[in-house]
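**Q** Pasting a structure here, questions to come.
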C-alpha cells in the first residue's frame, strides 16, 4: 500500500504537469489559443489546483532531479508531462517495464524528499 505522502506527491506532480503546460501556453489535446475561446466552443479547460508558488517549487525539484539523476528525471517527465505508460517509458529509456516503474518511484521519492508535502 502506498503512503499518503506518496499519493500526495503523485497528485502534486499531476497538477504540476497541468501547471507546466499552462506556463508554456500549451494544454495537452488543445491547439494553442485563449482559454475563453475554448470555453465558447464548449471545450473544457484543465486548471491546476496548485498555486504558482508550489508549481515553481515542484518545477525546481524536478529540475534538480533531472540534473542529479537523469534516468529518474526523464522517467518523471515522461510519466507526468507526457502521460506515458511504464511500457512506453521503458522503451524510451531502453529498460524493462519493471525498471521504468522503479525509476518513476525513485524519482517520486526524490521529489518527496525535496518538497515537504505536509507543509504545502
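**Q** Find all pairs meeting these conditions: Cβ atoms under 6 angstrom apart; at least six residues apart or on different chains; first residue within the stretch 88-108 and touching a residue at least 60 places away in the same chain (Cβ under 8 Å); second residue part of a helix (DSSP H, G or I).
**A** Taking only residues 6 or more apart or on different chains, the pairs are 108/9.
**Q** Also, I was wondering about something else. Listed residues 60, 73, 83; which is at pLDDT 90 or above, under 27 Å from residue 95 (Cα atoms) and assigned to a loop (DSSP other than H, G, I, E, B)?
**A** Being at pLDDT 90 or above, under 27 Å from residue 95 (Cα atoms) and assigned to a loop (DSSP other than H, G, I, E, B) holds for just one of 60, 73, 83, which is 83.
**Q** Another one. Counting only residues that are over 20 Å from residue 22 (Cβ atoms), free of Cβ contacts under 8 Å to residues at least 12 places away in the same chain and loosely packed, with under 14 Cβ neighbours inside 10 Å, how many does the stretch 45-84 have?
**A** Residues that pass the stated criteria total 2.
**Q** Moving to a separate point now. Being at pLDDT 90 or above and assigned to a helix (DSSP H, G or I) is true for just one of 39, 65. Which residue is that?
**A** One residue alone meets the criteria, 65.
**Q** If residue 92 satisfies all but one of (1) under 16 Å from the mean Cα position of the chain (by Cα); (2) surrounded by fewer than 16 Cβ atoms within 10 Å (Cβ to Cβ); (3) not in a loop (DSSP other than H, G, I, E, B), what's the number of the condition it fails?
**A** Here residue 92 meets the rest and fails (1).
**Q** Every residue in the stretch 108-120 that is modelled with pLDDT of 90 or more and either more than 11 Å from residue 6 (Cα to Cα) or not in a helix (DSSP H, G or I) (or both), please.
**A** 114
The values are calculated or read from the model by the stated rules, or taken from the named source; none is laboratory data. Only a predicted model underlies this, so the values are computations on that prediction, with no experimental measurement involved. So basically every Cβ, Gly included, is an ideal-geometry build from the backbone, and we count neighbours across all protein chains shown.
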